[in-house]
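The next block holds one structure in the form of structure tokens; read it before the comments.
The values are calculated or read from the model by the stated rules, or taken from the named source; none is laboratory data. These figures come from a predicted structure and were not determined experimentally. Neighbour counts are summed over all protein chains in view; Cβ atoms, including those assigned to glycine, are modelled from backbone coordinates with ideal geometry. Quick note on the areas: whole protein, heavy atoms, side chains included, nothing else; ligands and nucleic acids left out. Shrake-Rupley method; radii C 1.70, N 1.55, O 1.52, S 1.80 Å.
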Amino acid sequence: MKAVRSLTKASIAEVTWALETEAPVFEREIFDNEIEETFALVRGLLDQSKELNLSLAIEEDGVAISPQILRNIMSSSDEIGLEVRRLDEFGHS
């Protein structure tokens, strides 16, 4: 609970309620206007869950995905963002 609270800034009551009702403890659009901050937060949650050997239920549009698939999605997005920045540097915007 401490790890989740430190990353999500949720209260003890919010985390407890979510766990008791099987509601999302953390729900966020990963491709938002704060993508770098969001990715860092999601990666932190994934790392903490792995360290603590917690099972995560991750969904995208109602479809369950694994933590590895989520990591792959974020990694691909990082690579695309890097390529776009490179092209911008060469004036190909």
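Filter the stretch 4-22 down to residues that are open to solvent by less than 100 Å² (accessible area, probe 1.4 Å) and of a type in the set (A, V, I, L, M, F, W, C) and give me whichever is farthest from Leu52 (Cα to Cα).
Ala13
Among the residues of the stretch 20-27, is any of a type in the set (D, E, K, R), in a loop (DSSP other than H, G, I, E, B) and out of contact with any Cys (no Cβ under 8 Å at 6 or more places or on another chain)?
Taking every residue of the stretch 20-27 in turn, at least one turns out to be of a type in the set (D, E, K, R), in a loop (DSSP other than H, G, I, E, B) and out of contact with any Cys (no Cβ under 8 Å at 6 or more places or on another chain).
Read through the list (1) of a type in the set (Asp, Glu); (2) open to solvent by less than 100 Å² (accessible area, probe 1.4 Å); (3) at pLDDT 85 or above, then give the number of the only condition that Glu79 fails.
Result: Glu79 passes all but (2).
Where residues in the stretch 54-70 are closer than 22 Å to Lys9 by Cα and in a helix (DSSP H, G or I), which of them is least open to solvent (accessible area, probe 1.4 Å)?
Selected residue: Leu70.
Considering only residues that are at pLDDT 90 or above and not aliphatic (A, V, I, L, M), which ones fall in the stretch 48-69?
Across the stretch 48-69, the qualifying residues are Ser66, Pro67, Gln68.
Which residues, counting only those in the stretch 32-53, are outside any helix (DSSP H, G or I) and open to solvent by 100 Å² or more (accessible area, probe 1.4 Å)?
Scanning the stretch 32-53 gives Asn33, Asn53.
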